[in-house]
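The values are calculated or read from the model by the stated rules, or taken from the named source; none is laboratory data. Computed from a predicted model, the values in this text were never measured in an experiment. Don't worry about glycine lacking a Cβ; one is built from the backbone with ideal geometry, like all the others, and counts go over all protein chains shown. Heavy atoms of the whole protein, side chains included, go into the accessibility calculation; ligands, DNA and RNA do not. Shrake-Rupley method; radii C 1.70, N 1.55, O 1.52, S 1.80 Å.
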Amino acid sequence: MDDKHPTDTGHAPPAHGHGLAYTLIGIFLAALLFGAWGLWTTFAPRPNDLGSRVQDQRERLEVLEQQVATLKRSDQVSREANLDLQGTLAERDEEIAGLRADVAFYERFVGSTAQRHGLTVHELQLQAQQGPAWHFTATLTQNLNRGAVNSGRLTLLLEGSRDGKMERLDWAQLRQQPDAAGVDYSFKYFQQLEGDILVPEGLQPIRVIVRLQPARGAVVEQSFTWAEATTSRAGADG
């Protein structure tokens, strides 16, 4: 009698299909989580990066501050150099003006077209000293008698007001010496005479009179306003 195995005609579900699906889902989720972690680590602020950025900004700030300080110093140096240049130009302008005045002064004595002048006070200058003292410089000229020596004595007189009244102080009063002698002069073409006078307190000077007493000839008087005499390179009234 032959043994026969019965044939199973039922259909069992394939177990390996569900496992594959679960595996794929797990791989997808893992990839998703990995990607999220990568984005976080890439774009999230990190303390070390912030510290480095702050340090970079500080270094940049120091560089900029140094540049600003350098530019300010350069600007200061430029300004100082410009002021020095302006001062030099002003000195040169003043020197040129003085030379022109000197040329005009000497032209009075040379050349056939030079005008002839007798004994004259070309200029009177007064400079304040300590207290009531004033230092005067008088420039005397002449080219009428070329080669001839002019000699004599110079004195000053001062007119002013005090307490609403006019006063006239002579040389002795200005020198505060009863027998004060004048300043002697002796020259051919020009000479500068210097001396000091004392202006009494409370007197408002108005005019200074220069009086020249030649050894021979008439007295010469020329007046200068106080403003003219106390201004550099003042001119005579004539």
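A few notes on this one:
- Efficiency of FRET between Ala69 and Arg116 - r from beta-carbon atoms, R0 45 angstrom, step 0.05: 0.10
- Taking 0.36 nm per residue of separation and subtracting the current Cα-Cα distance, fully stretching the chain between Ala97 and Thr139 would add 13.3 nm.
- Rounded percent of accessible protein surface that carbon and sulfur make up, the stretch 150-238, 1.4 Å probe: 45
- q = 0.12 Å⁻¹, the stretch 92-238: log10 I(q)/I(0) [Debye, one scatterer per Cα]: -0.53
- Extension gain for Ala172-Arg58 works out to 33.0 nm (0.36 nm per residue, less the C-alpha to C-alpha distance).
- Per residue value of the accessible surface for the stretch 90-224 (all protein chains in place, 1.4 Å probe), Å²: 59
- Solvent-free Debye scattering, log10 I(q)/I(0), computed from the Cα coordinates of the stretch 68-161 at q = 0.11, 0.15 Å⁻¹: -0.63, -0.86
- Here the ratio of the Cα radius of gyration of the stretch 138-216 to 2.2 N^0.38 Å is 1.28.
- Residues Leu89 and Gln191, FRET efficiency given R0 of 22 Å [Cβ-Cβ distance, rounded to 0.05]: 0.05
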